[in-house]
1. Considering the range 126-153 alone, what residues qualify as being surrounded by 23 or more Cβ atoms within 10 Å (Cβ to Cβ), more than 29 Å from V77 (Cβ to Cβ) and either at pLDDT below 95 or within 12 Å of the ligand (Cβ to nearest atom) (or both)?
2. Could you please tell me which pairs satisfy a Cβ distance under 8 Å, a separation of 6+ or placement on different chains, a first residue in the range 146-158 that is free of Cβ contacts under 8 Å to residues at least 60 places away in the same chain, and a second residue that is of a type in the set (F, W, Y) and away from the ligand (no atom under 11 Å from the Cβ)?
3. Report yes if some residue within the range 70-78 is open to solvent by 60 Å² or more (accessible area, probe 1.4 Å), not in a loop (DSSP other than H, G, I, E, B) and not charged (D, E, K, R); otherwise report no.
4. Within the range 139-156, identify whether any single residue is within 17 Å of the chain's Cα centre (by Cα), among the aliphatic types (A, V, I, L, M) and under 18 Å from S56 (Cβ atoms), and answer yes or no.
5. Going by the structure shown, is D183 touching a strand residue (DSSP E or B) at 6+ places or on another chain (Cβ under 7 Å), modelled with pLDDT of 95 or more and either of a type in the set (K, R) or not in a loop (DSSP other than H, G, I, E, B) (or both)?
6. Could you identify the single residue in V182, V156, V113 that is under 27 Å from H37 (Cα atoms), in contact with a Phe, Trp or Tyr (Cβ under 8 Å, 6 or more places away or on another chain) and within 16 Å of the ligand (Cβ to nearest atom)?
7. Limited to the range 85-119, what total is found for residues that are open to solvent by less than 70 Å² (accessible area, probe 1.4 Å) and closer than 30 Å to Y197 by Cβ?
8. Name the residues in the range 159-179 that are open to solvent by 10 Å² or more (accessible area, probe 1.4 Å) and more than 10 Å from the ligand (Cβ to nearest atom), would you?
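The values are calculated or read from the model by the stated rules, or taken from the named source; none is laboratory data. Remember, predicted model here, so these are calculated numbers, not experimental data. Using ideal geometry, Cβ is built from the backbone for each residue, glycine included, and neighbour counts are taken over all protein chains shown. Please note that ligands, DNA and RNA were not included when accessible areas were found on the heavy atoms of the full protein model with its side chains. Shrake-Rupley method; radii C 1.70, N 1.55, O 1.52, S 1.80 Å.
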Amino acid sequence: MASRHAVDFEQNLQRVLADSSFGLPYWDWAADGDKTHAQQLASDIWSVSCLGGSGSPVTTGPFAFHSSDPASWRVRVAANSSGILKSTNRGLRRSLAAAPPSGVSTLPETASVTLALGLADYDLPNWNSGSDGFRNRAEGWVTETLQSPPGLHNRVHVWIGGDMSPSTSPNDPAFFLNHCNVDRIWEGWLTRHGRVYAPDMTAPASLKGHRIDDPISSPFGTSATPRQVLDVSANYQYDALP
Ligand SMILES: [Cu+2]
């Protein structure tokens with residue numbers, strides 16, 4: 001989940017912001033998920049002074065699109081319905097709390113995070129989207145009985161909707177606030193259960209890119225191994241863990 005690329009990204013943001021103290025923020029979405037549907041939509045994170053709100057395109061906040069303003073935030077690459085990357089030039093799209101089946105109306109809840117953190121196994125055979133360890137709960141393919149899938153990480157993508165749905169979801173800066181919170185939840189799990197990971201190197205070669213000493217599969221070149229990112233304390237620390 002965490003990677004050396006996250007540190008590279010943060011350092012590039014520090015450079016363009018000319019602010020060496022800048023850190024990628026996390027969004028504790030479960031704190032909003034414990035509130036009412038109306039309160040979730042009215043959360044400060046969607047205000048004009050933070051990420052702006054919903055829309056196709058988004059028209060409020062720093063990532064608003066105004067066709068007359070060439071400097072406004074634009075999406076340049078987006079996956080089409082077949083998952084193929086296409087160049088484009090348009091505003092950012094969000095569809096907060098859209099109704100099923102295209103969306104979900106509520107965010108994940110703290111109780112779901114707590115249940116995921118209680119699982120002793122990081123991951124289990126068959127190492128796919130059906131195995132019931134912490135990894136799948138955090139990703140959100142598997143849920144407990146409180147909410148049906150999608151859970152946790154996946155549910156945040158679906159709840160925001162729009163550009164957060166396809167593989168090009170990093171187009172929405174909200175992506176990084178979601179993933180930083182997933183990393184924070186993972187740190188909460190590592191603190192509880194020890195800095196352990198699965199699968200180890202005895203797992204079949206078909207899992208190459210996922211085993212503890214394999215470089216993590218990445219389209220951006222050489223990557224860290226899971227073992228190398230089990231302790232991030234040399235790079236950053238959290239103010240609070242779940
Ligand atoms: Cu994600």
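1. Passing the criteria: none in range.
2. As it stands, the answer is P149/W141; P150/W141; G151/W141; N154/W141, since those pairs meet every condition given.
3. Keep residues of the range 70-78 that are open to solvent by 60 Å² or more (accessible area, probe 1.4 Å), which gives 70-71, 73, 76-77.
Pick out the ones that are also not in a loop (DSSP other than H, G, I, E, B) and you get 76-77.
Those still in the list that are not charged (D, E, K, R) too: 77.
Scanning the range 70-78 turns up at least one residue that is open to solvent by 60 Å² or more (accessible area, probe 1.4 Å), not in a loop (DSSP other than H, G, I, E, B) and not charged (D, E, K, R).
4. No, the range 139-156 has no match at all.
5. No; evaluated as a whole, the condition is false for this residue.
6. Values: V182 fails: in contact with a Phe, Trp or Tyr (Cβ under 8 Å, 6 or more places away or on another chain); V113 fails: in contact with a Phe, Trp or Tyr (Cβ under 8 Å, 6 or more places away or on another chain).
Just a single option satisfies the conditions, and that option is V156.
7. The total comes to 12.
8. G162, S165, P166, T168, N171, P173, L177
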